[in-house]
């Protein structure tokens, strides 16, 4: 038996060496699933001479992972302990990983764990195939079924002395949520090891299913009374006729205690939504209705959940509601009404930009209205968001409205909202406007210079009185909003032309912040280019390692009529056109590439540019030349190491070492 095993080991080792050198094997030399795994590892560029996981979670990421899978870990731990007790002293360890392959728990003898830690078979490290090659956890997760990997079946040499038996763990929905593995010395491989792991995994899955069922039963058995006394929303329980049977403390404070016994339709007026919830068991969510109780809180955000009997028929409903401020919070959350930029996000060091930042930062500490001027594309809204985020209103909403993007007849309804039936097409229940949505925060009116004169008068009155009336309504609603406006126009000239009200201009222009155009920001173009290049290359997953220095001469010679927005557009075009790993002048749009050649000294510039380039090329070291040769070969052969080695007349191992030495990301060259 030992002699046969030794022969099998020799044959497997020979097959492994042949595959690592040539990337090919004859059918039958190794098991099919192992052969397919080797091919995946080969294509993924896994270093066959490594076998140590270098993919580790940060401390906070590991803590999040353990918290996220806390239930799985707690369920699996007793079964892991039983497995460990069964193999204690035999050189085996037991491991639990998440669905991606990150180890979450380990158990085993101290000396065995110490050996495992040498290859980072440890908590927080990733053992997926593309990281450490063929292995129990990684391969079982790829296959979606139990598997055993022993000795030289591992793709990486450093773990050839291990045997790994692993099986994926699935939840009640059939989704893989983790993997369990037993690992030990390769000479102690046995099929019963895999059977033990599979049995433990089945027991873990069964226990998880039982826990889920118990959790659902617990939820179903919670009484409505418990819900009423713990929830933050107002809630009432009504029967199938709409009569209120129970009311929770929050609803009592909002609508009054005397609601019990009344009909819900009398509270909110006749509502087709509530009627459908009672008669047809149709739920609805977050509908704005008017409450008529004499207790205040006229506007409510209402949700109804029908209560069904055993035959699915409606026997009443639970009605949840909140004040109108929740409508505003909901609308702001889904419309992105929040400021995401800070002063630290404004890239540049030019004197003109720093002066604008200084003025804007001062404005953030006041409650006065702010007017931001600047050409299109200079980043006026970025400044507005930064002011908001540094002000005492930063916890409130940041609501933006582009006055130039709306038809004249819609500006009033967008700013001030409207009541139901205010005009054809108006939403049921009406809708709050930007002033209401921005309550407690900042309202940013972009392109204020394009607001029609009649709406300017209404806006001026709102700014003076701090109150609005919805279109078609008569209720006065107080608003607490800070105003920041922006425009690319010269409002003083617009006042002279009669296009902008002088009194509104002085009301808005309390603090003036002028954002300089890009062409006047000396030295900032290069900084912005580098920043945008990094951001866009990451977004497009295209790595750029080199930018031709002469390219910046062209960028700084161009006038940038579209400012930073145009620069960002140009950078994205260049990254797409170059498609990595280097960007040259030829990737610039023609009008920018030729910007420097528009004056009489173009010939002199070309000579100087070529002289600089020649000097740079002469200074390149042999190491850089060799690195580039390897990169070029990888590009030509789409990352195939065997073909690169043949072209460069090097061994595959030498190519691997040089790739590591030069820190070349080989994955980007795969087809």
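Being within 42 Å of the chain's Cα centre (by Cα) and assigned to a helix (DSSP H, G or I) is the filter; apply it to segment 244-263 and report the residue that is surrounded by the most Cβ atoms within 10 Å (Cβ to Cβ).
255
How many of the residues in segment 296-316 are modelled with pLDDT under 75 and either closer than 21 Å to residue 436 by Cβ or not assigned by TED's automatic domain parsing to the domain that holds residue 278 (or both)?
Total satisfying the criteria: 4.
Residues that are touching a strand residue (DSSP E or B) at 6+ places or on another chain (Cβ under 6 Å), at least 1 per element: which helices (runs of 4 or more DSSP H) completely within segment 75-166 meet that?
Helices (runs of 4 or more DSSP H) meeting the threshold: 110-118, 136-143.
Out of 396, 440, report the one residue that is surrounded by fewer than 21 Cβ atoms within 10 Å (Cβ to Cβ), in contact with a helix residue (DSSP H, G or I) (Cβ under 9 Å, 6 or more places away or on another chain) and under 24 Å from residue 359 (Cα atoms).
Within the list 396, 440, the selection yields 440.
Considering only residues that are under 16 Å from residue 586 (Cβ atoms) and surrounded by 14 or more Cβ atoms within 10 Å (Cβ to Cβ), which ones fall in segment 534-550?
Once the filter is applied, which keeps residues that are under 16 Å from residue 586 (Cβ atoms) and surrounded by 14 or more Cβ atoms within 10 Å (Cβ to Cβ), segment 534-550 yields 544, 547, 548, 550.
Considering every residue within segment 154-162, establish whether at least one is surrounded by fewer than 24 Cβ atoms within 10 Å (Cβ to Cβ), within 25 Å of residue 75 (Cβ to Cβ) and assigned by TED's automatic domain parsing to the domain that holds residue 49.
no
For residue 106, state whether it is within 19 Å of residue 201 (Cβ to Cβ), in the same structural domain as residue 8 (by TED's automatic domain parsing) and without any contact (Cβ under 8 Å) to a residue 40 or more places away in the chain.
yes
Applying the selection to segment 558-575, what residues are surrounded by fewer than 18 Cβ atoms within 10 Å (Cβ to Cβ) and more than 20 Å from residue 515 (Cβ to Cβ)?
572, 573
Looking only at segment 505-555, count every residue that is touching a strand residue (DSSP E or B) at 6+ places or on another chain (Cβ under 9 Å) and within 16 Å of residue 354 (Cα to Cα) and tell me the total.
4
Checking the condition assigned by TED's automatic domain parsing to the domain that holds residue 383 and within 24 Å of residue 372 (Cα to Cα), which residue from 432, 397 passes?
Answer to the check: 397.
Identify all residues within segment 521-531 that are farther than 26 Å from residue 624 by Cα and either surrounded by 14 or more Cβ atoms within 10 Å (Cβ to Cβ) or without any contact (Cβ under 8 Å) to a residue 24 or more places away in the chain (or both); write none if there are none.
521, 522, 524, 525, 528
Would you confirm whether any residue within segment 75-93 is in contact (Cβ under 8 Å) with a residue 60 or more places away in the chain and under 30 Å from the mean Cα position of the chain (by Cα)?
No, segment 75-93 contains no residue that is in contact (Cβ under 8 Å) with a residue 60 or more places away in the chain and under 30 Å from the mean Cα position of the chain (by Cα).
If I ask for residues that are closer than 9 Å to residue 314 by Cβ and either out of contact with any strand residue (DSSP E or B) (no Cβ under 8 Å at 6 or more places or on another chain) or part of a loop (DSSP other than H, G, I, E, B) (or both), which ones from segment 269-281 would you list?
Matches in segment 269-281: 280, 281.
Can you confirm whether segment 67-74 contains a residue that is surrounded by 15 or more Cβ atoms within 10 Å (Cβ to Cβ), in contact with a helix residue (DSSP H, G or I) (Cβ under 6 Å, 6 or more places away or on another chain) and touching a residue at least 12 places away in the same chain (Cβ under 8 Å)?
The answer is no; no qualifying residue exists.
Looking only at segment 9-45, count how many residues are assigned to a loop (DSSP other than H, G, I, E, B) and crowded, with 20+ Cβ neighbours inside 10 Å.
1
Go over the candidates 422, 405, 426, 457 one by one and state the one that is surrounded by fewer than 15 Cβ atoms within 10 Å (Cβ to Cβ) and modelled with pLDDT under 90.
Result: 405 is the single residue among 422, 405, 426, 457 that is surrounded by fewer than 15 Cβ atoms within 10 Å (Cβ to Cβ) and modelled with pLDDT under 90.
The values are calculated or read from the model by the stated rules, or taken from the named source; none is laboratory data. Keep in mind that what you see is a predicted model, and the values were worked out from it rather than measured. We place every Cβ from the backbone using ideal geometry, glycine too, and count neighbours over all the protein chains shown.
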